[in-house]
Amino acid sequence: MALKMLINITGNFVTCMKSTRNGKAVASFTITIPGIAWARFCTQQLSHNEVKIPVENLNLVTNLEQMGVDMTKIRMRNAILLKKTITYEQKLKQFLTDKGADTKMVASIISRYPRAITRKHEVLDEMWNIWKGILDTDTTVLSVAQRSPESFFRTSNTENLLKNIRYLQSLGLPPKILSQLMVKSPRTFANSVDLNKQNVEYLLGLCSQLGGKNPREFVRELISRNIYILTKSTNRIQANVENMKSLMKLDDCTLLRWIQGDGSPLLSLSYTYFENNYKSVQEILQSLGCTESQVSLFIFMCPKVLLMTPNIFANKVNVLLECGIDVREILDTSNILAVHINSLKSRIMMLKDCGYDFRLYGLSVLSLSQAKFISKLERLRSAGSPDENVGHC
């Protein structure tokens with residue numbers, strides 16, 4: 001009998017080992033010995049394809065589902081959050097509702113930044129009051145929290161927020177610019193104050209490097225014109241400055257004035273975006289007979305063209321050329337390319353229906369405000385043909 005038991009045990013063990021080599025789950029097996037309880041020699045193992053599912057806090061999940069939160073997004077972005085036993089989703093909902101948020105807005109904020117439910121009411125209230133001290137109204141603060149929930153809810157460090165506000169005020173930024181920073185670039189205040197100081201020090205040095213005599217004024221002007229500048233890496237800014245100098249052949253003094261003025265938004269472009277877009281615009285315009293210096297001057301006068309994709313720029317140029325004008329007319333009316341392409345097409349069609357001659361009267365009518373354009377269009381229709389005043393508006 002003992003021999004028979006040993007044979008059975010050996011057979012089961014060999015079967016178990018073969019299954020393991022074949023990548024299958026290891027099966028349990030037991031032996032029975034009279035008078036002895038069941039003994040488990042091998043426990044059940046998980047295969048490589050099996051994943052242990054974390055246990056979620058059912059009460060939390062139910063609350064979030066009832067609030068209309070996108071649970072798919074939560075599980076993709078921060079699944080471990082759903083295992084927490086202490087959260088404040090109901091208090092967060094009440095807090096935001098008291099500030100003017102509706103149910104859909106609350107659900108959207110939590111779906112996009114789930115960690116908001118870990119913030120205590122006291123911290124939220126303190127942060128809100130600090131932001132409101134700059135933005136004046138609950139409605140404005142709520143618009144920031146809705147558009148950029150990460151910027152408002154990512155930290156409970158009210159001390160860092162206050163330090164950033166004081167530091168930016170010390171640069172001489174007026175309240176209007178501080179408000180714009182909070183509304184449009186709240187990430188600036190989520191930065192550590194040390195990081196903002198490092199970025200400002202770089203900008204001060206950049207001004208001096210380009211021969212500027214008033215670095216602090218340069219920084220104030222640059223932040224006022226490009227409120228995202230402190231959220232961009234200094235490496236990115238430096239790369240764009242070097243591209244501007246090499247591609248546009250600008251001397252230091254001219255470059256300094258440009259990036260302090262109309263060219264300031266271009267400092268925020270990604271590493272290769274400026275270079276690639278510049279070369280694309282250059283290629284398109286040179287194929288139409290423009291010289292390298294003409295291209296450089298055109299971009300200097302209308303830097304917004306580098307914020308467009310190459311396809312959009314090419315399409316706008318083609319639409320305007322179809323009016324029968326020369327490419328030099330486009331260069332001389334560079335702001336025309338800031339008009340949306342659909343607006344360009346519709347305005348061109350309406351003007352052609354009125355017999356407007358673009359070769360005679362130019363393109364400037366296309367860049368008028370909507371009210372002024374309608375007024376000019378009515379004059380054209382009533383007159384039957386464009387007069388000189390319409391053509392040179």
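Can you go through Arg381, Arg328 and tell me which one is open to solvent by 60 Å² or more (accessible area, probe 1.4 Å) and under 22 Å from Asp262 (Cα atoms)? Step through it out loud before you land on a result.
Details: Arg381 fails: under 22 Å from Asp262 (Cα atoms).
Exactly one residue qualifies, and that residue is Arg328.
How many residues does the range 80-109 hold that are under 27 Å from the mean Cα position of the chain (by Cα) and of a type in the set (Asp, Glu)?
Residues in the range 80-109 being under 27 Å from the mean Cα position of the chain (by Cα) and of a type in the set (Asp, Glu): 2 in total.
Is there any pair with a first residue in the range 259-270 that is among the acidic types (Asp, Glu) and a second that is open to solvent by 20 Å² or more (accessible area, probe 1.4 Å) whose Cβ atoms are under 9 Å apart and which are 6 or more apart or on different chains, and what are they?
Asp262/Arg225; Asp262/Phe300; Asp262/Met301; Asp262/Lys304
Scan the range 54-71 for residues that are of a type outside the set (A, V, I, L, M), farther than 13 Å from Ala107 by Cα and either in contact with a Ser or Thr (Cβ under 9 Å, 6 or more places away or on another chain) or outside any loop (DSSP other than H, G, I, E, B) (or both) and jot them down. Can you show your working first?
Within the range 54-71, the first condition is being of a type outside the set (A, V, I, L, M), and the residues that meet it are 54, 56-57, 59, 62-63, 65-66, 68, 70.
Then drop every residue that is not farther than 13 Å from Ala107 by Cα, which leaves 54, 56-57, 59, 62.
Within the range 54-71, Asn57, Asn59, Thr62 meet the criteria.
Given the conditions (1) open to solvent by 10 Å² or more (accessible area, probe 1.4 Å); (2) out of contact with any Phe, Trp or Tyr (no Cβ under 8 Å at 6 or more places or on another chain); (3) outside any loop (DSSP other than H, G, I, E, B), which single one is not true for Phe313?
Going through (1) open to solvent by 10 Å² or more (accessible area, probe 1.4 Å); (2) out of contact with any Phe, Trp or Tyr (no Cβ under 8 Å at 6 or more places or on another chain); (3) outside any loop (DSSP other than H, G, I, E, B) one by one, Phe313 breaks only (1).
Please verify whether the range 238-250 includes one or more residues that are under 28 Å from the mean Cα position of the chain (by Cα) and within 28 Å of Ser346 (Cα to Cα).
No; the residues of the range 238-250 include none that is under 28 Å from the mean Cα position of the chain (by Cα) and within 28 Å of Ser346 (Cα to Cα).
So, in the range 211-240, exactly how many residues are of a type in the set (Lys, Arg), open to solvent by less than 60 Å² (accessible area, probe 1.4 Å) and free of Cβ contacts under 8 Å to residues at least 12 places away in the same chain? Explain how you work it out, then say what you get.
So in the range 211-240, the residues of a type in the set (Lys, Arg) come out as 213, 216, 220, 225, 232, 236.
The next check asks that each one be open to solvent by less than 60 Å² (accessible area, probe 1.4 Å); those that pass are 232, 236.
Adding the requirement that they be free of Cβ contacts under 8 Å to residues at least 12 places away in the same chain leaves none.
The qualifying residues number 0.
Could you check Ile134 against (1) crowded, with 17+ Cβ neighbours inside 10 Å; (2) at pLDDT 90 or above; (3) in a helix (DSSP H, G or I) and say which number it fails?
Every condition holds for Ile134 apart from (2).
May I ask you to list the residues in the range 188-210 that are buried (at least 17 other Cβ atoms within 10 Å of the Cβ), more than 11 Å from Thr234 (Cα to Cα) and more than 22 Å from the chain's Cα centre (by Cα)?
Cys207, Leu210
Please name all residue pairs, on different chains or six or more residues apart, with Cβ atoms under 8 Å, provided the first residue is in the range 184-206 and is closer than 25 Å to Met127 by Cα and assigned to a helix (DSSP H, G or I) and the second residue is at pLDDT below 90 and β-branched (Val, Ile, Thr).
Between residues of the range 184-206 that are closer than 25 Å to Met127 by Cα and assigned to a helix (DSSP H, G or I) and residues that are at pLDDT below 90 and β-branched (Val, Ile, Thr), the close pairs are Ala190/Thr155.
If you take the residues of the range 347-378 that are among the aliphatic types (A, V, I, L, M) and more than 16 Å from Val319 (Cβ to Cβ), which of them is surrounded by the most Cβ atoms within 10 Å (Cβ to Cβ)? Please lay out each step first, then the result.
Just the residues of the range 347-378 that are among the aliphatic types (A, V, I, L, M), to begin with: 348-351, 360, 363, 365-366, 368, 371, 374, 377.
Now drop any that are not more than 16 Å from Val319 (Cβ to Cβ), which leaves 360, 368, 371, 374, 377.
Details: Leu360: 11, Leu368: 16, Ala371: 8, Ile374: 12, Leu377: 19.
Looking at residues that are among the aliphatic types (A, V, I, L, M) and more than 16 Å from Val319 (Cβ to Cβ), I get Leu377.
So, in the range 72-83, exactly how many residues are surrounded by 11 or more Cβ atoms within 10 Å (Cβ to Cβ) and closer than 18 Å to Ile109 by Cβ?
First, pick out the residues of the range 72-83 that are surrounded by 11 or more Cβ atoms within 10 Å (Cβ to Cβ): 73-75, 77-79, 81-83.
Restricting the remaining residues to those that are closer than 18 Å to Ile109 by Cβ gives 73-75, 77-78, 81-82.
Residues flagged as surrounded by 11 or more Cβ atoms within 10 Å (Cβ to Cβ) and closer than 18 Å to Ile109 by Cβ within the range 72-83 amount to 7.
When you go through Ser367, Ser293 one by one, which is the residue that is modelled with pLDDT of 90 or more, of a type in the set (Gly, Ala, Ser) and closer than 21 Å to Asp262 by Cα? Please lay out each step first, then the result.
Working: Ser367 fails: modelled with pLDDT of 90 or more.
Just a single option satisfies the conditions, and that option is Ser293.
Table: residues versus (1) at pLDDT 95 or above; (2) open to solvent by less than 20 Å² (accessible area, probe 1.4 Å); (3) touching a helix residue (DSSP H, G or I) at 6+ places or on another chain (Cβ under 7 Å).
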site: Leu255; (1), (2), (3): yes, yes, yes
site: Gln260; (1), (2), (3): no, no, yes
site: Tyr271; (1), (2), (3): no, no, yes
site: Ile299; (1), (2), (3): no, yes, yes
site: Cys302; (1), (2), (3): no, yes, yes
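The values are calculated or read from the model by the stated rules, or taken from the named source; none is laboratory data. The shown structure was predicted, so the numbers you read here are calculated from the model rather than taken from an experiment. Using ideal geometry, Cβ is built from the backbone for each residue, glycine included, and neighbour counts are taken over all protein chains shown. For accessibility, only protein heavy atoms count, side chains too; no ligands or nucleic acids. Shrake-Rupley method; radii C 1.70, N 1.55, O 1.52, S 1.80 Å.
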